[in-house]
1. Rounded to two decimal places and with Rh computed the Kirkwood way over Cα pairs, what is Rg over Rh for the chain?
2. Using modelled backbone amide H atoms (1.01 Å from N, in-plane), which distant-in-sequence or interchain residues come within less than 5 Å of Ile323's amide H?
3. Work out how much length Ala115 to Leu313 would gain on full extension: take 0.36 nm times their residue separation and subtract the Cα-Cα distance, in nm to one decimal.
4. Counting only protein heavy atoms and using a 1.4 Å probe, what share of the accessible area of segment 47-216 belongs to carbon plus sulfur, as a whole percent?
5. Per residue, how much accessible area does segment 47-216 have with a 1.4 Å probe, in Å²?
6. With a cut-off of at most 13 other beta carbons within 10 Å, and DSSP calling the residue loop, which chymotrypsin sites (Phe, Trp or Tyr not before Pro) in segment 310-373 qualify? Please list them.
7. Residue separation times 0.36 nm, minus the C-alpha to C-alpha distance between Leu347 and Leu420: what's the value?
8. Evaluate the distance, in nm, between pseudo-label points positioned 7 Å from the Cα of Lys216 and of Asn139 along their respective Cα→Cβ axes.
Amino acid sequence: MITLLTKQLHKVQAAHGLSKKELAVSKKILQKHIAGALARDQHFHNIVDDTETVRIIEQYAASVKGSYDHVVLCGIGGSALGPICLKEALTHLYAAEQKERNHPILHVIDNVDPAMIAEVESILNFKRTLFLFISKSGNTAEVLSMYLYFKARCIKEGVPFSDHALMVTHAGKGKLYELGTKDELPIIEHGPVGGRFAVLSSVGLLPAALLGINIKKLLKGAKQMRDKFLSIDPKQNLPFQMANMQYLLTKKGKHIHVMMPYSQKLFRFADWYRQLLAESIGKEVNDKGKKVNIGITPVKALGTTDQHSQSQLYNEGPNNKFIMLVHAKSLHKTIRIPSLYKGDKSLAYLQGATFNQLIDAEREGTADSYTAYNKPNITIQIDKVDEVHLGGLFMLFEGATAFLGELFGINAYNQPGVELAKKRTVTYLKKKR
Ligand code: PA5
């Protein structure tokens, strides 16, 4: 179950928080927003029904099971952040150091820093490595350069590239598809969604399946939330509730939205969301072509770590932030802090408590402190970090982002600012040679 706890938001001063009345929306208005969001939608909400892609992916994952120790994913932006999040949330945090594993280790190369490429390469046994290239356009310099590089490296290592590589891209489009076809690689269709909305498509599902993650359960959670996204009952429609809070608080000057999970395994979820919100809502012009320079600056933070790095700023700095804490009711393990110094009064509050109680108390105390400083905050509560809940969280924020595009009257699905930089990169690289 995923719940939005908004108690703290109602407690802060009216100028900085939101009352239940401000958040209220009629079925009729909600219906209008759903219709508006769907009219703009690029199918992110119905890719979760694509059972054929699930079948293809599960079949591929089963056919290569046990063949590889390493999967090297070459992709950037939406092609990388979802898979990184899935890996961190749903597999062992220290898989690379685990003595025994049932599945390969995923390395995501989402940068063209040669130090990173060289260091990943240095730990690979090419005979036991699968290279996965992901790109929607098939024309991204980062991915194409890595394709050329790792193909050459496979040849040098005497490893047949077509047995050690596959790709996710649009069939029939882009340079990557052309190369993959010539090299006879397996090609899995990218699907109709843009990168940052693609984690629940083959982009996220394929690496997840290779890591042994249950992709059907991931989609089950996503579908449950998709049904809420389509619900005209304001109490049910969590994505709209989320977007409405974000929109109204932005209007009140809260232009920075902080995602702060109290779960190490969900830190990369905040990273995934950072791209989704920044690229989707940061726009120069609105639907009417008017220059608006809309945007919300996403910030990722981690509880409790960033209480000792960011909370001073959040509490005493400018009141321009909306803080979204994430609480997983179960963190899977329960560990007790031992009572080594019986009778030591200064340690009494810690000794015998569990780390679970400590992290909960830290979150509640921190939320209270934000409220005391009149800093708007909510808590997104999930039962546990698992496939079903993560699928639900992805869809919650994809849906909320779709509604935000509708509320601001902007196109949440394009990224002209990114495209410009891509073009200029080509010009600079030509000049350097
Ligand atoms: O969300 C997006 O659309 C972008 O961040 C892309 O994922 C990123 O630019 C990579 O593009 P491509 O998938 O075409 O290689």
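1. With Rh from the inverse mean 1/r over Cα pairs, Rg/Rh is 0.99.
2. For Ile323, whose amide H was placed from the backbone, the distant partners under 5 Å are Val258, Asn377, Ile378.
3. 67.9 nm
4. The value for segment 47-216 is 52 percent carbon and sulfur by accessible area.
5. 43 Å²
6. Passing both the DSSP loop test and the Cβ count: Tyr341, Tyr349.
7. 20.6 nm
8. Computed distance between label sites Lys216 and Asn139 equals 4.0 nm.
The values are calculated or read from the model by the stated rules, or taken from the named source; none is laboratory data. Since we're looking at a predicted model, the values are computed, not measured. We place every Cβ from the backbone using ideal geometry, glycine too, and count neighbours over all the protein chains shown. What goes into the accessible areas is simple: the full protein's heavy atoms, side chains included, and nothing from ligands, DNA or RNA. Shrake-Rupley method; radii C 1.70, N 1.55, O 1.52, S 1.80 Å.
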